[in-house]
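Presented below is the structure to which this report refers.
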Amino acid sequence: MTEANSQLVECVPNFSEGVDERKIKAIVAAMRVDGVRLLDWSMDPDHNRSVVTVAGPPAAVVESAVRGAGKAAELIDLTVQQGVHPRIGAADVIPFVPVSGIKLDQCALLARQAGMEIWRRFGVPVYFYEAAAARPDRANLEEVRKGQFEGLRDAVRKDSSRRPDLGGPGLHPTAGASAVGARKFLVAWNIYLNTADVAIARSIARDIRASSGGLKGVKALGVLVHGRAQLTMNITDFETTPLSRVHSRVAALAARHKTTLTEGEIIGLVPEAACEHESEWMRQLSVFDPEAKILERRLEDPLPWPK
């Protein structure tokens, strides 16, 4: 097996649609490329967001991601889309993740290639973030997404420093812009609190996220979902900050606010190395099928592509 054939890259695009299953199926179907495995796709109607996970050889995965971004631009209109999750684009974020035989800096080059094709083919401007960032102040996705679609659409007209890295200077009128990047594995994890007081979830999020001086590698927001306060998190460095440590900290902070944790959910896939099978955080997951949710197992048994 040659080095090129042994390289395995994951891509986890997030699309700003979580209600209309026909649209998401069409987007996923458009991502079908020879050699690319479909590992997971899930819709979240409350966040109005869908997450798709594919893996395969680098060039094929780039093409898959670009096609998905194009179909999303065709089907998703951000001027009428609403949801609790921040977003700037129809294909909101497109991260490339090294799995085997490839390094993070090589994935950053893949992100640059994908971004160029998204702009060239579909006229959707691109911001590069994390390891693919073209500017230091855009390494953090939260900085790129400040103001969301509506705020960024206005900001790029007035402030040249907010303009896209590629394309523009304005956003696509209905598809916005895509943030394309390269990063290590992360775990997308939601925890529900036994309260309807979203201020508690926001306070806990502020205390634990790294940008506020909390836990390293933790991004967190407090939102209200179906009348329940939810902590929605990305754990970007589970080796330094295991999920059990995050869970323990969240539980302690919740107790200070006279509430408890009710259940958790994993969005997308989780690497085997992040799983702590006898831990409290895993016992609290509302639904967790290891065969479907653990990355390494899904690589061995990918999903069929929708038609």
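Computed from the coordinates by the stated procedures, all read-outs in this text should not be read as laboratory data. Worth saying up front: this structure is predicted, and the values here are computed from it rather than measured. Using ideal geometry, Cβ is built from the backbone for each residue, glycine included, and neighbour counts are taken over all protein chains shown.
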Considering only Cα-Cα distances, which of the following residue pairs are longer than 32 Å: Lys146/Lys307; Lys158/Lys184; Lys71/Lys158; Lys103/Lys293; Lys71/Lys219; Lys103/Lys219? Lys146/Lys307; Lys158/Lys184
Which order do peptides 165-171, 120-126 fall in by mean Cβ count within 10 Å, highest first? 120-126, 165-171
Pairs of Cα atoms under 8 Å, at least six residues apart: use those to get the relative contact order of the stretch 197-284, whole percent. 22 percent
For the stretch 3-182, what class follows from the C-alpha gyration tensor (a ≥ b ≥ c being the square roots of its eigenvalues): rounded when a/c is under 1.5, otherwise prolate if a/b is larger than b/c, else oblate? oblate
Based on Cα coordinates alone, diagonalise the gyration tensor for the stretch 62-108, multiply each eigenvalue by 5, take square roots, and list the semi-axes in whole Å, largest first. 27, 13, 7
Starting from the amide H of Tyr127, placed 1.01 Å from N in the peptide plane, find each other amide H under 5 Å away whose residue is 5 or more places distant or on another chain. Asp165, Ser178, Ala179, Val180
When you count, for each residue, the other Cβ atoms within 10 Å and take the mean per peptide, how do 178-191, 14-27, 251-264 rank with the highest first? 178-191, 14-27, 251-264
How large is the translational diffusion coefficient of the stretch 71-166 in µm² per second when you combine the Kirkwood radius over alpha carbon pairs with Stokes-Einstein at 37 °C and 0.692 mPa s? 230 µm²/s
What are the extents of the Cα atoms of the stretch 187-300 along their three principal axes, in Å, largest first? 42, 29, 21
Along principal axes, Cα extents of the stretch 98-219, largest first, whole Å: 47, 42, 23
Using the Karplus equation 6.51 cos²θ - 1.76 cosθ + 1.60 (θ = phi - 60°), what ³J(HN,Hα) coupling, rounded to whole Hz, does each residue of the stretch 162-178 give in order, writing x for Gly and Pro? 9, 5, x, 6, 9, x, x, x, x, 7, 5, x, 10, 9, x, 9, 10
If you take every residue apart from Arg87 with its C-beta less than 13 Å away from the C-beta of Arg87, what net charge results, scoring Lys and Arg +1 and Asp and Glu -1? -2
Taking the square root of 5 times each eigenvalue of the Cα gyration tensor, what semi-axes in Å does the equivalent ellipsoid of the chain have, largest first? 29, 24, 18
Residue ranges of DSSP H helices in the chain that stretch 18 Å or more (Cα, own long axis) and have mean Kyte-Doolittle hydropathy of at least -0.5 are 58-75, 104-122, 243-256
Relative packing of 29-35, 107-113, which averages over residues the other C-beta atoms within 10 Å, highest first: 107-113, 29-35
Label model pair Asp20, Asp301: point-to-point distance (7 angstrom along the Cα→beta-carbon line) in nm is 3.4 nm
Using only the Cα atoms, what convex hull volume per residue in Å³ does the stretch 115-155 have? 72 Å³
What net charge do the residues around Ala292 carry, taking every other residue with its C-beta under 15 Å from that of Ala292, with Lys and Arg at +1 and Asp and Glu at -1? -4
